[in-house]
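The values are calculated or read from the model by the stated rules, or taken from the named source; none is laboratory data. Owing to the predicted nature of the structure, the values given are computational and were not obtained by experimental measurement. Please note: Cβ atoms are built from the backbone with ideal geometry, for glycine as well, and neighbour counts cover all protein chains shown.
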Amino acid sequence: MLHRLAADDPRFRTVEFQPGLNILVAQSTEHSAVTDSRNGLGKSSVIELLHFLLGGQPKTSDLVRCDALRNWTFSLRLNGRPGTGEQLSVQRTGADPSTVRLQAIPSVVNGHRLRLADWQRRIEADLFGLVEPRPGLSGRMLLSFLIRRASGGFNSPVQSFPKQRDVDATPNLAYLLGLDVGLAEKYKRLADRRVARQDLKKASSDPDLLGMVVGTTGDLKGEIGVLKNDIEQYREQAEAFQVVPQYEDLQDRADDINQTIRGLLDQDFADRRNLEVLEQAIADSVDPEVKYLEQVYEDLGIALPDEVSRRFDEVREFHAAVVRNRRAYLQQDLLDTRARLTDRSAQRERLGQELAEVMKQLQNGGALEGLQVLQTELAKRQAELAQLEKRLAVAESLQASTAEIKAAEAELRRQAVADLAERSQQIDEANKLFLELARRMYGNAHKGYLSIEPTATSLKITPKIDADDSTGINHVSIFCFDMTLAILAKRGRRGPDFLVHDSHLFDGVDERQLKHALEAAAELTERENFQYVLTINEDDLDKAVALGFDAEPYIIEPRLTDADPRGGLFGFRFDR
């Protein structure tokens, strides 16, 4: 659900959305000149800004890139992933359209920057449940049916822009309706083969030469298999990767611990060598013996006087004291050395445990730059895969004969018929809802249904309403079809809970149908718990009000007016 559209310039008139029906009105005044255009007030600009903030790639000529607005930062608050209860605020500026800033609400941090491609993938996952890429499906194309642009978006119910191929649009429509996307994608691949073969036949009359340039199907399939395996490994690594805060600090700490442990080991080595020396020195420390001198003198026949004997005793006692003191010193030094070895052993154990924990954190994750490298490599290989698959389609086109293509078309049509029969419940649900809307618009006498027909070339989806009003019937069909898409997608958790229409949708539509459409939108949004946003000119809304529609509860702020230059969406007038 959308909550608020804002900008960092105080002149911008913030749009506050509400649950259910939202009517954004552009008011005319009796003071406005004939040359004033209410379409310049910002009704359609709301659609442009929503697309810009929801991942659209702006062109140089787009609103957000004009000189008056390129430095503005626009923001959109909307619901996040279903079931989480969180809201997101996305901010983006025309001066730097390659990135967005995303912030969870409420949050005490300022959010984080995302590359546009990452934001587009986040949209696919959060709004459309596309956690993994699906061939033929695009979050941006899905959004183009739920937020149609005035420039070509209202030409056909099954096209969101002019000259859009059915085979490109159909997979996205099938997904929103709950049909088999795989079949629609097969139709697209078959159409690509058909077109490629036709182009190649025009480009060259020598298919062997083209085959040498493009490659053989066998080689290309082998390369694709290897590349898909690489992509899966990179994707698994990226998903398992944990960004470790202060990764460099942890690396420095691991280096410090290693250096400390090495220093402790060097000290241990020196102390153990010293320990051996001390133990040997203690073993060699014995009491001095001087008794042998008396025996020597006696053997020589010399009698030592008593005074000399006393001197020998004193010398012996002195040397004994020296030996005792030395042994005590050596033993204390030995004890100190052993204590140091014990202390360092405990210190090494503590450091070893800390090092193991730090290394575990480093091995389980890395710095943000590491994740970005993985994501870059993944994107590079995905781009290579897309190129190889295109070359394979060309190679298959070269090999396939017209008869083979026709046989593939027939088989695909048979599969589609069988699949649609199995999905009759989903189709009945879609038809029931579309019929309810059509009868609200034109009464019970008129029929409305969705024709879903597998043909030889595509899965053809066609909304049909049996009515006499040829002028506005196409736009009414778009209203009924888009409502059906949005409600079914929301029910199946395949789409968001909002639908947005520009006022151009009701150009040429009778005021009675406009009134019925607004009443249907008010009732269905309440019943289905989703949001419908409509921009409209005041004079058109007045026609529905005159027929009995109570618009006041659904009109949201701001009310755009041309009575004052500050009354438009941007709060001033400017040239694009």
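Condition check for residue 574 on (1) of a type in the set (Phe, Trp, Tyr); (2) touching a helix residue (DSSP H, G or I) at 6+ places or on another chain (Cβ under 8 Å); (3) over 29 Å from residue 80 (Cα atoms): one failure, at (2).
Taking the conditions exactly as written (at pLDDT below 90 and among the aliphatic types (A, V, I, L, M)), does residue 53 satisfy them or not? Criteria not met by residue 53.
Do the conditions hold for residue 440, that is, is it basic (Lys, Arg) and over 37 Å from the mean Cα position of the chain (by Cα)? Against the criterion (basic (Lys, Arg) and over 37 Å from the mean Cα position of the chain (by Cα)), residue 440 qualifies. When restricted to residues that are touching a Gly at 6+ places or on another chain (Cβ under 6 Å) and closer than 20 Å to residue 531 by Cβ, region 489-518 contains 4.
Residue count for region 460-519 under the criterion of being buried (at least 19 other Cβ atoms within 10 Å of the Cβ) and assigned to a helix (DSSP H, G or I): the result is 27.
Would you check if residue 195 is part of a loop (DSSP other than H, G, I, E, B) and either closer than 30 Å to residue 412 by Cα or modelled with pLDDT under 85 (or both)?
On the way: part of a loop (DSSP other than H, G, I, E, B): no; either closer than 30 Å to residue 412 by Cα or modelled with pLDDT under 85 (or both): yes.
No: the conditions fail for residue 195.
Got a sec? Which of 140, 121, 101, 134 is of a type in the set (D, E, K, R), closer than 26 Å to residue 405 by Cα and within 23 Å of the chain's Cα centre (by Cα)?
Values: 140 fails: closer than 26 Å to residue 405 by Cα; 121 fails: closer than 26 Å to residue 405 by Cα; 101 fails: closer than 26 Å to residue 405 by Cα.
From the options 140, 121, 101, 134, the qualifying one is 134.
Close Cβ contacts (under 6 Å, 6 or more residues apart or on different chains) running from residues in region 253-275 that are within 13 Å of residue 347 (Cβ to Cβ) to residues that are among the basic types (Lys, Arg) and in a helix (DSSP H, G or I) comprise 261/348; 264/344; 264/348; 268/344.
Residue-wise test of (1) out of contact with any strand residue (DSSP E or B) (no Cβ under 9 Å at 6 or more places or on another chain); (2) closer than 20 Å to residue 532 by Cβ.
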residue	(1), (2)
153	no, yes
163	yes, no
179	no, no
195	yes, no
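For residues that are of a type in the set (Gly, Ala, Ser) and surrounded by fewer than 16 Cβ atoms within 10 Å (Cβ to Cβ), scanning just region 60-98, find the one that is nearest to the chain's Cα centre (by Cα). The residue in question is 98. For first residues located in region 497-511 and farther than 14 Å from residue 147 by Cβ, partners that are assigned to a loop (DSSP other than H, G, I, E, B) and of a type in the set (A, V, I, L, M, F, W, C) and lie 6+ apart or on another chain with Cβ distances below 7 Å form the pairs 511/547. Which condition does residue 420 not pass, out of (1) modelled with pLDDT of 75 or more; (2) over 38 Å from the mean Cα position of the chain (by Cα), if it passes all the others? For residue 420, the exception is condition (2).
Candidates are the residues of region 448-483 that are among the β-branched types (Val, Ile, Thr) and under 27 Å from residue 414 (Cβ atoms); the one that is modelled with the lowest pLDDT is 457.
Cβ-Cβ distances below 6 Å connect the following pairs, each with a first residue in region 402-415 that is modelled with pLDDT of 85 or more, a second residue that is of a type in the set (D, E, K, R) and buried (at least 17 other Cβ atoms within 10 Å of the Cβ), and a separation of six or more residues or different chains: 412/186.
Taking every residue in region 21-47 that is farther than 13 Å from residue 569 by Cβ and among the basic types (Lys, Arg) and pairing it with any residue that is part of a helix (DSSP H, G or I) and modelled with pLDDT under 90, at least 6 positions away or on another chain, yields no pair with a Cβ-Cβ distance below 8 Å.
For region 524-569, which positions are assigned to a loop (DSSP other than H, G, I, E, B) and without any contact (Cβ under 8 Å) to a residue 60 or more places away in the chain?
Matches in region 524-569: 547, 548, 549, 550, 564.
When region 552-568 is filtered for residues that are modelled with pLDDT of 95 or more, surrounded by 13 or more Cβ atoms within 10 Å (Cβ to Cβ) and not hydroxyl-bearing (Ser, Thr, Tyr), the ones remaining, listed by number, are 555, 556.
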